[in-house]
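Below: the structure, in structure tokens.
The values are calculated or read from the model by the stated rules, or taken from the named source; none is laboratory data. This structure is a prediction, so every number in the text was calculated from the model and none was measured. Neighbour counts run over all protein chains shown; Cβ positions are idealised from the backbone, glycine included. Note: areas computed on protein heavy atoms with side chains; ligands, DNA, RNA excluded. Shrake-Rupley method; radii C 1.70, N 1.55, O 1.52, S 1.80 Å.
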Amino acid sequence: MVSVVGTLLALLVFFALFGIFLTQYVPLWMTDNESQFTAQAQVSFADLKSNMDTQVALGSPPVFATPFVMASQGIPLIAQPTTAIMNFIPSQPGVYANVSVSVGPGGGPAFYQNFSLGTLQVQLPNRYYSPEVFEYEDDAVIESQSDTHQILAYPPPITINVTGNQTGVTLVLLQMYGNASQTVSSGSQEVYSHFINTQSFTTVRAAPFAAVFQIGTHFPCAWSTFLSTTLRNSGLGAAHYTLTPSTCTASNGFAHPVRLNFNSVNSFTLVVAQFSVVVGVGVE
């Protein structure tokens, strides 16, 4: 009788301690794991952007490989790792950039060009930490938790220089080509960026002219917030531009345009960089 009671008490103590472990320590442990996993994804996107910016600036090296960690740490026998989903889409409806200038390069006729962008997205379906989506589009790294909680964690190169009554704008667009792919892996994944070329278009005039930049994106909140902040910090008067929308706007799962009109600029430079992107082992 004593041995039976002792065994039952030992089992009760074990299950009590095991319950505390499951309800208290496992969530904390996995939250830390997924937090680290999210930070690793952010660092990988920062490295990818840095590598591609270096290729644009130097025109070399022709190929860079950027590793992405695709799964968090788990808890042996208790909790499975969280696995990321990577999608590379070279072209999708509603995602684009276009630029128009009322006076073309060299004082020629009006210039207009539409660009498909290509996007690289990593979804982190975290169970204990906040679920996150990272997307690389038009040389910007976007971090999103919802339609209205998103930022341009690493913004694209856009320069607005105001000196007296002279305004100069420099804009860099980045296009990514390749085969559409989706990757789910328990290890790491390489993303290869193949530099193709850059093209530059510049218009300079003493008399002011108009220029328009419009981007179609699933993250209008991030883009409109970034552009609004950039314009305010540039010193450009509100009468010299129009931003639509000018505040955070929810996408509700659809692509939306964000349009920036420069009403009077004296110089406008557009740089278009083109890359071929390969996801996975091996280089085409």
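Tabulated values for the structure
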{"quantity": "Between the stretch 145-221 and the stretch 66-142, the Cα center-to-center distance that results, in Å", "calculated": "11 Å"}
{"quantity": "Global form of the stretch 24-169, assessed from the alpha-carbon gyration tensor, a/c cut-off 1.5", "calculated": "prolate"}
{"quantity": "Contour minus Cα-Cα distance for Ala46 and Ala206 (0.36 nm per residue)", "calculated": "53.8 nm"}
{"quantity": "The chain, accessible area per residue, ligands and nucleic acids excluded (1.4 Å, Å²)", "calculated": "48 Å²"}
{"quantity": "Cα centre as origin, Lys/Arg/Asp/Glu Cβ charges: the chain dipole, Debye", "calculated": "520 debye"}
{"quantity": "Positive minus negative residues near Val101 (Lys, Arg vs Asp, Glu; Cβ under 15 Å)", "calculated": "+2"}
{"quantity": "Accessible-area composition of the stretch 41-156, carbon plus sulfur, in percent [1.4 Å probe]", "calculated": "57 percent"}
{"quantity": "Within the chain, percent of DSSP bridges classed antiparallel, to nearest 5", "calculated": "90 percent"}
{"quantity": "For the stretch 158-284: span of alpha carbons on each principal axis (Å, largest first)", "calculated": "54, 35, 20"}
{"quantity": "Estimated D of the stretch 94-155 in µm² per second, where Rh is the Kirkwood radius over Cα pairs and Stokes-Einstein applies at 20 °C, 1.002 mPa s", "calculated": "152 µm²/s"}
{"quantity": "Total formal charge among the other residues, if their Cβ is under 11 angstrom from that of Ala84, Lys/Arg +1 and Asp/Glu -1", "calculated": "-2"}
{"quantity": "Cβ-derived FRET efficiency at R0 22 Å, Ile78 paired with Gln36, nearest 0.05", "calculated": "0.80"}
{"quantity": "Kirkwood Rh (inverse of mean 1/r, distinct Cα pairs), the chain, angstrom", "calculated": "21.3 Å"}
